[in-house]
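The block underneath contains the structure these notes are about, expressed in structure tokens.
The values are calculated or read from the model by the stated rules, or taken from the named source; none is laboratory data. Quick caveat: nothing in here was measured; it's all calculated off a predicted structure. As a convention, Cβ positions derive from the backbone with ideal geometry for all residues, glycine included, and neighbour counts pool all protein chains shown.
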Amino acid sequence: MNTAKPPSVFQKILFWLSLGFISTFFAEVLSGSAPYFLLEGFGYVGIIPIYLLHTLVLAGLALRKGQPFSLRTLYFISLLFGMYEAYITKVLWFPPWQPDAFRIAGVAVFETILLVLCWHAIFSFLIPLITAEQWMTSSNRVLRLFPCKWQRRLQSPIAPILLGVFSSIMLGSDIDSSLTALQIVLLNCTVMSVILLCWRWMIRKMDFALKNLLPSGRSLWFFVILLALNYLVMGTLLQTSNRPGAAGHLAVLVIYAWIGFLIWRSYEKDKQLPHPEEMDNNPVGRIKFHQWWIFCAALCISSVLVNSMPPTIEFFLATGAMLVMVLGGIAAFVVSTVDLFRKGKTTQHTAEVGIEGKYDYD
């Protein structure tokens, strides 16, 4: 059943496109920002390329072949994802939903914490990466970065229910009616299901590790160039009236520099970790594919219920969800930073339950 044959160029391109759609789904649909991206032309020329390029470039940089890395490093790299909300959308300077946002040096503080430290780091990057590796590859490198107790939690049937219910708060409160919420969730979940199932059927007799499917070498540089061009074009075309002053530019550049320093320092500390090949046979459980169906059902039902609630309750639920994400983002950043500067060797988390296997269709 297994084969050492590497993925073909066609299979890699198909995987890249699938990962781009998955990232866009978790980021734009669950947030309610662009739940209709599949039905709009701009979704294919504007929205999906942003997520596809960011996911491929950042994942390619993190999961370099033969290089050890930690969950801390992966999180710091994910922070670069949300920074597109500065020079492309200008949201970090001028959030459209909060014109009078609290700012420091021209940067909206609450919105930056929400989008950079939490939403794009987790929903645009980490969750899609875990989803793709668990259900589209035979490797398990990302999940095993988590502590054992968190691996067990992510493998629990409760995890997709909680994710679906939590996501429905943002999505359901931004859609006009319960019927529309039902239709748009069914459409997006159906398309994502088709993408996952088609890929799984296509490579059912092959073993492809995530690191071999991601771009590397020249292909990675190709995507880096495309991402830079995307920033240039989209940054020039979108929200041109919302350009900040010198203080706003300087503040964002300082944030970029600080994130870059954290990534570099984290990479240096990760050199203490074992070589990735030495970890390949460590037993670790996989997330069952039926959890995808549980998530879709929870998202569908909860989105309709949230949309059926009075506007006041919707508002308080959405506000509470954003507060949870802000506090969660701060906590993740603080824990990662403290771990980075703590003296002593970095430890690699390994699982105590389950056996790494191929695909699970149940």
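Among S173, S177, which is the only one that is crowded, with 18+ Cβ neighbours inside 10 Å, touching a residue at least 40 places away in the same chain (Cβ under 8 Å) and farther than 29 Å from L273 by Cβ?
Residue meeting the stated conditions: S173.
Return the total of residues in segment 191-203 being farther than 17 Å from P6 by Cβ and surrounded by fewer than 16 Cβ atoms within 10 Å (Cβ to Cβ).
Number satisfying all stated conditions: 7.
Looking at (1) surrounded by 19 or more Cβ atoms within 10 Å (Cβ to Cβ); (2) of a type outside the set (A, V, I, L, M); (3) modelled with pLDDT of 95 or more, which one does P95 not meet, given that it meets all the others?
For P95, the failing item is (3).
Among the numbered criteria (1) crowded, with 17+ Cβ neighbours inside 10 Å; (2) within 27 Å of L80 (Cβ to Cβ), which one does S168 miss?
(2)
Here's the yes/no breakdown for (1) in contact (Cβ under 8 Å) with a residue 60 or more places away in the chain; (2) among the β-branched types (V, I, T); (3) at negative phi:
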| residue | (1), (2), (3) |
| --- | --- |
| S139 | yes, no, yes |
| F146 | yes, no, yes |
| P157 | yes, no, yes |
| I195 | yes, yes, yes |
| L213 | yes, no, yes |
| I225 | no, yes, yes |
| A228 | no, no, yes |
| Y231 | yes, no, yes |
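Quick one: count up the residues across segment 40-50 that are among the hydrophobic types (A, V, I, L, M, F, W, C) and in contact (Cβ under 8 Å) with a residue 40 or more places away in the chain.
1
Please state which of the following conditions F81 fails to meet, knowing it meets all the rest: (1) among the aromatic types (F, W, Y); (2) more than 25 Å from L196 (Cβ to Cβ); (3) in contact with a helix residue (DSSP H, G or I) (Cβ under 7 Å, 6 or more places away or on another chain).
(2)
Only one of L238, L226, L232, L214 is within 21 Å of the chain's Cα centre (by Cα) and surrounded by fewer than 16 Cβ atoms within 10 Å (Cβ to Cβ). Can you tell me which?
That would be L226, the only listed residue that is within 21 Å of the chain's Cα centre (by Cα) and surrounded by fewer than 16 Cβ atoms within 10 Å (Cβ to Cβ).
Just the residues that are closer than 23 Å to H249 by Cα, part of a helix (DSSP H, G or I) and not hydrophobic (A, V, I, L, M, F, W, C), please, taken from segment 63-93.
S78, G82, Y84, E85, Y87
Tell me the residue from W119, W150, W97, W135 that is among the aromatic types (F, W, Y) and farther than 30 Å from G260 by Cβ, please.
None of the other options fit; the residue is W135.
Tell me, which helices (runs of 4 or more DSSP H) wholly within segment 109-212 include 3 or more residues that are out of contact with any Lys or Arg (no Cβ under 6 Å at 6 or more places or on another chain), within 25 Å of I48 (Cβ to Cβ) and of a type in the set (D, E, K, R)?
Once the helices (runs of 4 or more DSSP H) in segment 109-212 are filtered for at least 3 residues that are out of contact with any Lys or Arg (no Cβ under 6 Å at 6 or more places or on another chain), within 25 Å of I48 (Cβ to Cβ) and of a type in the set (D, E, K, R), nothing remains.
Just to verify a result, which residue in segment 24-42, among those that are part of a helix (DSSP H, G or I) and small (G, A, S), is surrounded by the most Cβ atoms within 10 Å (Cβ to Cβ)?
Looking at residues that are part of a helix (DSSP H, G or I) and small (G, A, S), I get A27.
Let's see how each residue does on (1) surrounded by 20 or more Cβ atoms within 10 Å (Cβ to Cβ); (2) within 15 Å of L237 (Cβ to Cβ); (3) of a type in the set (F, W, Y):
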site: Y44; (1), (2), (3): no, no, yes
site: L53; (1), (2), (3): yes, no, no
site: L58; (1), (2), (3): yes, no, no
site: L63; (1), (2), (3): yes, no, no
site: Q67; (1), (2), (3): no, no, no
site: S70; (1), (2), (3): yes, no, no
site: F76; (1), (2), (3): yes, no, yes
site: L79; (1), (2), (3): yes, no, no
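What residue, of S219, S266, S302, is within 18 Å of T73 (Cα to Cα), assigned to a helix (DSSP H, G or I) and modelled with pLDDT of 90 or more?
Result: S266 is the single residue among S219, S266, S302 that is within 18 Å of T73 (Cα to Cα), assigned to a helix (DSSP H, G or I) and modelled with pLDDT of 90 or more.
Could you figure out which of (1) out of contact with any Pro (no Cβ under 6 Å at 6 or more places or on another chain); (2) part of a helix (DSSP H, G or I) isn't true of G60?
The failed condition is (1).
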